[in-house]
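Contents: one structure, followed by commentary.
Derivation of every value follows stated rules applied to the coordinates shown; laboratory data play no part. None of the values given here were measured: they were computed from a predicted structure. Here the Cβ is made from the backbone with ideal geometry for all residues, glycine too, and neighbour counts use every protein chain on show.
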Amino acid sequence: MSTDPDCIFCKIIQNVIPSSRVYEDEDVLVFKDIHPSAPVHLLVIPKRHIPGLSAVTAADQQVLGKMMVVASQVAREAGSTDGFRTIINDGRVGRQDVLHLHMHVLGGPTPLGRMISRDEKTD
């Protein structure tokens, strides 16, 4: 399995950095975000280091599909039974903070706010 020695998520996968793990199998790890933006805020990551969504290839189809299935499962198990949001940020423009592909799963008991208003300016 490919890892990046400088990647914080690779270190979490290897248990070098602790995390609140929610789900784990041979391909995917899910843990709680340390700075949650919603009552349910989980991160779904592939165990193999992939820098971001723009770096995926056809060889990554299976793990990407698995991430979607696992996201649905863990969202429901965490209490998001009436829906949830998934977000994958990519690159500088997408404001990807950690250069390891990851999917945010956000939810909770009440509806989330709108994602982006076309009238809003971003910094």
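Quick one: which residues, 5 or more positions from GLY108 or on another chain, have an amide H under 5 Å from its amide H? H modelled 1.01 Å from N in the peptide plane, none for Pro or chain starts.
VAL40
I'd like the distance separating the alpha-carbon centroids of segment 2-48 and segment 51-123, in whole Å.
Centre-to-centre (Cα) distance: 14 Å.
Can you give me the P(r) profile for the chain? Cα pairs, bins 5 angstrom wide beginning at 0, each as a whole percent.
Taking every Cα pair in the chain, the percentages come to 2, 11, 21, 23, 21, 13, 7, 2, 0.
Can you list, largest first and rounded to whole Å, the semi-axes you get for segment 4-44 by taking the square root of 5 times each eigenvalue of its Cα gyration tensor?
18, 12, 8
Could you sort 3-9, 50-56, 100-106 so that the peptide with the highest average Cβ count within 10 Å comes first and the rest follow in order?
In descending order of packing, they fall as 100-106, 50-56, 3-9.
Counting helices only, and only those DSSP H runs with n ≥ 4, report the 222 nm mean residue ellipticity of the chain as the sum of -39,500 (n - 2.57) divided by its residues, in deg cm²/dmol to the nearest 500.
Estimated from H runs of four or more residues: -5500 deg cm²/dmol.
Extending each Cα 7 Å along its Cβ direction at GLU77 and VAL93, get the distance between those two points in nm, one decimal.
The modelled label-to-label distance comes out at 3.6 nm.
How much FRET efficiency would the formula 1/(1 + (r/R0)^6) give for ILE17 and LEU112, where r is the Cβ-Cβ distance and R0 is 41 Å, rounded to 0.05?
On the way: r = 28 Å, r/R0 = 0.68.
My answer for the efficiency is 0.90.
If I take every Cα pair under 8 Å that is 6 or more residues apart in the chain, average their sequence separation and divide by the length, what percent do I get for the relative contact order?
Working: 181 pairs, mean separation 34.0, N = 123.
Averaging sequence separation for qualifying contacts and normalising by length gives 28 percent for the chain.
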